1. Pull up the cross-link candidates among the aspartates and glutamates for Lys76, meaning alpha carbon to alpha carbon under 19 Å and not fewer than 8 places away within one chain.
2. How high is the FRET efficiency between Arg97 and Tyr28 when r is their beta carbon distance and R₀ equals 41 Å, given to the nearest 0.05?
3. Which loop GluC sites (Glu not before Pro) in region 1-100, with loop taken from DSSP, have no more than 11 other Cβ atoms within 10 angstrom of their Cβ?
4. Mind ordering 60-68, 19-27, 94-102 by average Cβ neighbours within 10 Å, highest first?
5. I need the phi-derived Karplus couplings for region 91-102: 6.51 cos²θ - 1.76 cosθ + 1.60, θ = phi - 60°, integer Hz, Gly and Pro marked x.
6. Taking every DSSP beta bridge that has both residues in the chain, what percent is antiparallel when rounded to the nearest 5?
7. Taking amide H positions as placed 1.01 Å from N in the peptide plane, with prolines and chain starts having none, which residues 5 or more places from Ala83, or on another chain, fall under 5 Å of its amide H?
8. Determine the dipole magnitude for region 72-149: charges of +1 sit on the beta-carbon of Lys and Arg, -1 on that of Asp and Glu, nothing else is charged, the reference point is the Cα centre, and the result goes in debye to the nearest 20.
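The values are calculated or read from the model by the stated rules, or taken from the named source; none is laboratory data. Here the structure is a predicted model, which is why all the values come from computation and not from measurement. Cβ coordinates were reconstructed from backbone atoms using ideal geometry, including for glycine residues, and neighbour counts include every protein chain displayed. Accessible surface areas use protein heavy atoms only, side chains included; no ligands, DNA or RNA. Shrake-Rupley method; radii C 1.70, N 1.55, O 1.52, S 1.80 Å.
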Amino acid sequence: MTLVDSVRLVLKQKGQDIWYVSPDACVYDAIEIMAEKYVGALLVVSDGNLVGVVSERDYARKVILQGKSSRQTQVKEIMTSPAIFVTPEHTVEDSMRIMTDKHIRHLPVVEDGKILGVVSIGDLVKWMISAQQQTISQLHSYITSSYPG
């Protein structure tokens, strides 16, 4: 595991479950799905195409704080659109940079218009920690091993 590994490898390890909602769905239904699936965001898909992302943060800022009704507000009114996404060949490091620069926590992975999955900031941090632990272990083994001759 390294920071230059592709997001494809991250998806392969974490799984490629895709949770999504229609842009015409009410926000309450989207929040209900997020709670049921233990996720912080859903992809917004229309006719098989990724049109946005809706997150708990969108709900808090654009519904709750503005006094709107989650049952009366449609997802398309609060979603982030267009969706920021990466391809499976983007690196972990590049994906982290995009998420940091854009202040987002969930990044869809799309290849040739097909949604392959979503990586979260947590997924990438776990990958980075594992990469660092692997490097530390290798260095420790190198330092403690006997040199020949």
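1. Result set, ordered by chain and number: Asp24, Asp29, Glu32, Asp47, Glu56, Asp58.
2. According to the calculation, E is roughly 0.75.
3. Answer in residue order: Glu89.
4. 19-27, 94-102, 60-68
5. Listing the rounded values in order: 7, 4, 4, 4, 5, 4, 5, 4, 5, 5, 5, 8 Hz.
6. Approximately 85 percent, going by the DSSP bridge assignments.
7. Close amide H contacts, sequence-distant or interchain: Gly52.
8. I would put it at about 220 debye.
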